[in-house]
Amino acid sequence: MSIVYWDYYSTDYSHYVKMINTNKLFGRKVYFAGGAWTWRGIAPDNRFSIKTTEAAVKACSDCGVDGMFFTMWCDDGGECTPFTVLPSLMFAAEASRGNYNIDSIKERFNKITGCDFDSFMLLDELNLPGGKHKGQNCVDKYLLYNDLFMGLKDCLCSKDDAIFYKNLTERIHSAEKCGFEVVFEAYESLASVLSVKADLGVRTRAAYKSANKEELKKIIGDYDLLLEKTEVFYKAYRKLWFKFNKPHGFDIQDIRLGGLIQRIKSCRARLDDYINGYVSEIPELEEEIPNDNTGCFRNRS
């Protein structure tokens, strides 16, 4: 029986050295398992994968492990397609040969795949809007599913998020796709959804709290736009899923995205009822949203 040392998290070379040498005390072959991060939501995390891989591979080479492999887990629905972490896999392959030069690795990536390394790295940015989201996990996913009335993540959102995702949509649209159009189409459409949705709940609550029905009438137009963009994303994501995956598991995406689409319709209808005087209040919008300390939990690592 051999020992496999699994570690996806550290960027510290000395940490890996210590752990490898500790595993060697068992007197058995030691293999290392790293990770190309596909499990933080819909978008990949190539940047962090490359940082952990660089430290890990250097330690594995210096300490003489018996072999290495890299995993791509499909946690919580397997929403992130493995093809988004091609840069991470290319880096791992080159690092295992002693090449850590990023420019050289980009050239190698282009030679093997025919694609632009930096174009794929754009997909990471769905999780990197900055602001109060910095240090959070799965930003793209919680912004996608953050309820428009409940607003559990509204404490982190601002109009800057919408601007960020609008610009990112345009950048992904202009990126070199080189045979991976189906991948980029899905992630572009997700960025487009978030360019409307990221701060929509915040704006909705602000207009409601100030009893500004004229502003709410304008905001309803964004609900219509969001519904349209979400349906576009659903179709693009469905196309991506069925190109690379078995159909098993898409039932989860149907339920999640179908529920999201229905919820957008429901919130829009209730805003319309309020504006037209059919109801005197919207109870969810009467509530104060949680703040950073009471409702938005930061990464503890």
**OP:** Would you check if there is a residue in the stretch 253-269 being loosely packed, with under 11 Cβ neighbours inside 10 Å and farther than 29 Å from G41 by Cα?
**Re:** no
Original post:
Among G221, G201, which is touching a Cys at 6+ places or on another chain (Cβ under 8 Å), closer than 17 Å to K265 by Cα and modelled with pLDDT of 95 or more?
Top reply: G201
Original post:
Hey, does the stretch 1-10 have a residue that's buried (at least 19 other Cβ atoms within 10 Å of the Cβ), in contact with a strand residue (DSSP E or B) (Cβ under 8 Å, 6 or more places away or on another chain) and among the small types (G, A, S)?
Top reply: no
Original post:
So which residues in the stretch 201-242 are in contact with a Ser or Thr (Cβ under 9 Å, 6 or more places away or on another chain) and either among the small types (G, A, S) or more than 20 Å from Y145 (Cβ to Cβ) (or both), if there are any at all?
Top reply: L216, A236
Original post:
What are the residues in the stretch 269-301 that are closer than 15 Å to N146 by Cα and modelled with pLDDT of 95 or more, if any?
Top reply: E284, L285
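Please go through the stretch 175-195 and pick out each residue that is assigned to a loop (DSSP other than H, G, I, E, B), modelled with pLDDT of 95 or more and small (G, A, S).
In the first step, residues of the stretch 175-195 are kept if they are assigned to a loop (DSSP other than H, G, I, E, B); the result is 175-180.
Narrowing the set further to residues that are modelled with pLDDT of 95 or more leaves 175, 180.
Within the stretch 175-195, A175 is the sole residue that qualifies.
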Original post:
With the stretch 196-301 as the region, which helices (runs of 4 or more DSSP H) entirely inside it contain at least 1 residues that are in contact with a Gly (Cβ under 8 Å, 6 or more places away or on another chain) and of a type in the set (V, I, T)?
Top reply: 200-209, 250-275
Original post:
Mind checking which pairs have a first residue in the stretch 203-231 that is under 16 Å from G277 (Cα atoms) and a second that is of a type in the set (G, A, S) and surrounded by fewer than 18 Cβ atoms within 10 Å (Cβ to Cβ), Cβ under 9 Å, 6 or more apart or different chains?
Top reply: N212/A206; E215/A206
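The values are calculated or read from the model by the stated rules, or taken from the named source; none is laboratory data. Since the model is a prediction, treat every value here as computed from it, not as a measurement. FYI the Cβ positions are ideal-geometry reconstructions off the backbone, even for glycines, and counts take in every protein chain you see.
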